[in-house]
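Novice: Pasting a structure here, questions to come.
The values are calculated or read from the model by the stated rules, or taken from the named source; none is laboratory data. Owing to the predicted nature of the structure, the values given are computational and were not obtained by experimental measurement. Backbone-built Cβ (ideal geometry, glycine too); neighbour counts: all protein chains shown.
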Amino acid sequence: MNGYEAEPEAAILLNNLGIAEELHAKKMKELEGGEKVRVLLAQALFGNPDILLLDEPTNNLDIKSIAWLEEFLFRFKNTVIVVSHDRHFMNQVCTHIADIDFGQIAVYVGNYDFWYQASQLNLRQKQNDNKKIKDRADDLKAFIQRFSSNASKSKQATSRKKLLEKLTIEDMPVSSRKYPFISFQPERSCGNVILEVEGLTKTIDGEKVLNNMSFTVNGNDKIVFMSSNNAAKTTLFQILSGEMEPDAGSFKWGVTISHSYFPKEHSTYFKGDKNLIDWLLQYAPPKEGENFARPFLGRIPFTGRMLPKKSIFYREGKKCAVCFPG
């Protein structure tokens, strides 16, 4: 089993998945949550398994680690079965797509984009076939209604009745998928400047994670912050949301701007014993009630029997109902 090379191979896997060499001798309990996930992924990849089962493998990975994993799986000669929400990852890795819907499994040979195009084409084909059959049935019914009492046309009407009985319109299957829906509708138009940041600096535990950071956010900008230092990104957002004070520098939101914050670590939001509706109403505008909260939960989608459950149930089950009406 190539035992003499086991330790170097393990170290290479860990390094490629973003586990620095100084962490290799630590115990699992000393690692952070995201680091533990990466080590578990390395464990699954280690030893050239015959079948590799991966459940959302790109979670908690940075872009470099995902790119490396894509290349590793592309070159992997054995079987890989993966569940993923990452369309780009599936396009790079998968040779077959197993589509579980309508109470059955349909396998498509190709990547995610091919599956999407083929499944949509199949659906449109069924719809077109049904329309042709319905149009044909309408024509037959019209002929029968018009000539059924006409002696000279009675044989033709009878013949068309038999044809009509043979026509079958397939019931279009109902998808079991649920699609979350998120829509941002500002209460009023934003000004030209959304956010101005000037010289933000912050040191945490002796490490300077932000150093004289400045930028401006304008209307319609969509910005992603990329860094190998997770603390830097989280610290920036905590400062902008008002949860942390900077050591130096300042920031200013536009006068027309309201903002909400979706944090990476959200356990503090779920302290208490409220059900989902009451929990969400903490963040609703004044005087709004249950009829206001239900549509927001339904978009995620939390509906029906889920709503009376306590919010802590979803935190512990890793299904966090975090949505902010703001």
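Novice: Can you find a residue that is surrounded by 13 or more Cβ atoms within 10 Å (Cβ to Cβ) and outside any helix (DSSP H, G or I) anywhere in region 110-120?
Specialist: Yes, there is a match, as at least one residue in region 110-120 is surrounded by 13 or more Cβ atoms within 10 Å (Cβ to Cβ) and outside any helix (DSSP H, G or I).
Novice: Please go through region 189-208 and pick out each residue that is touching a residue at least 60 places away in the same chain (Cβ under 8 Å) and assigned to a strand (DSSP E or B).
Specialist: Within region 189-208, 193, 194, 195 qualify.
Novice: Any residue in region 165-188 that is in a helix (DSSP H, G or I), outside the structural domain of residue 300 (by TED's automatic domain parsing) and among the small types (Gly, Ala, Ser)?
Specialist: No, the conditions are met nowhere in region 165-188.
Let's see how each residue does on (1) modelled with pLDDT of 85 or more; (2) in contact with a Gly (Cβ under 6 Å, 6 or more places away or on another chain); (3) among the hydrophobic types (A, V, I, L, M, F, W, C); (4) at positive phi:
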{"site": "80", "(1), (2), (3), (4)": "yes, no, yes, no"}
{"site": "87", "(1), (2), (3), (4)": "yes, no, no, no"}
{"site": "90", "(1), (2), (3), (4)": "yes, no, yes, no"}
{"site": "123", "(1), (2), (3), (4)": "no, no, yes, no"}
{"site": "126", "(1), (2), (3), (4)": "no, no, no, no"}
{"site": "135", "(1), (2), (3), (4)": "yes, no, no, no"}
{"site": "142", "(1), (2), (3), (4)": "yes, no, yes, no"}
{"site": "158", "(1), (2), (3), (4)": "no, no, no, no"}
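Novice: Continuing with the same structure: Looking at this structure, is residue 243 under 27 Å from the mean Cα position of the chain (by Cα), outside the structural domain of residue 20 (by TED's automatic domain parsing), over 28 Å from residue 63 (Cα atoms) and of a type in the set (Asp, Glu)?
Specialist: Considered against the rule, which asks whether it is under 27 Å from the mean Cα position of the chain (by Cα), outside the structural domain of residue 20 (by TED's automatic domain parsing), over 28 Å from residue 63 (Cα atoms) and of a type in the set (Asp, Glu), residue 243 comes out as no.
Novice: Across region 169-209, what is the number of residues that are of a type in the set (Val, Ile, Thr) and at pLDDT below 80?
Specialist: Of the residues in that region, 3 qualify.
Novice: May I ask you to list pairs of residues, at least six apart or on different chains, whose Cβ atoms are under 7 Å apart, with the first in region 239-250 being without any contact (Cβ under 8 Å) to a residue 60 or more places away in the chain and the second being buried (at least 17 other Cβ atoms within 10 Å of the Cβ) and in a loop (DSSP other than H, G, I, E, B)?
Specialist: 239/246
Novice: Looking at region 262-279, which of its residues are under 24 Å from residue 234 (Cβ atoms) and surrounded by 14 or more Cβ atoms within 10 Å (Cβ to Cβ)?
Specialist: 263, 269, 270, 279
Novice: If you don't mind, another one. If only one of 95, 58 is hydroxyl-bearing (Ser, Thr, Tyr), under 30 Å from residue 179 (Cβ atoms) and exposed (fewer than 13 other Cβ atoms within 10 Å of the Cβ), which one is it?
Specialist: Exactly one residue qualifies, and that residue is 95.
Novice: Which residues, counting only those in region 52-78, are at pLDDT 90 or above, under 17 Å from the mean Cα position of the chain (by Cα) and among the charged types (D, E, K, R)?
Specialist: Within region 52-78, 55, 56 qualify.
For (1) of a type in the set (Gly, Ala, Ser); (2) closer than 25 Å to residue 60 by Cα; (3) in a loop (DSSP other than H, G, I, E, B); (4) assigned by TED's automatic domain parsing to the domain that holds residue 32, each residue gets a yes or a no:
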residue	(1), (2), (3), (4)
210	no, yes, no, no
216	no, no, no, no
220	no, no, yes, no
226	no, yes, yes, no
235	no, yes, no, no
249	yes, no, no, no
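Novice: I would also like to ask the following. Given the structure, is residue 136 more than 26 Å from the chain's Cα centre (by Cα), assigned by TED's automatic domain parsing to the domain that holds residue 46 and not polar (S, T, N, Q)?
Specialist: Judged against the criteria, residue 136 is not a match.
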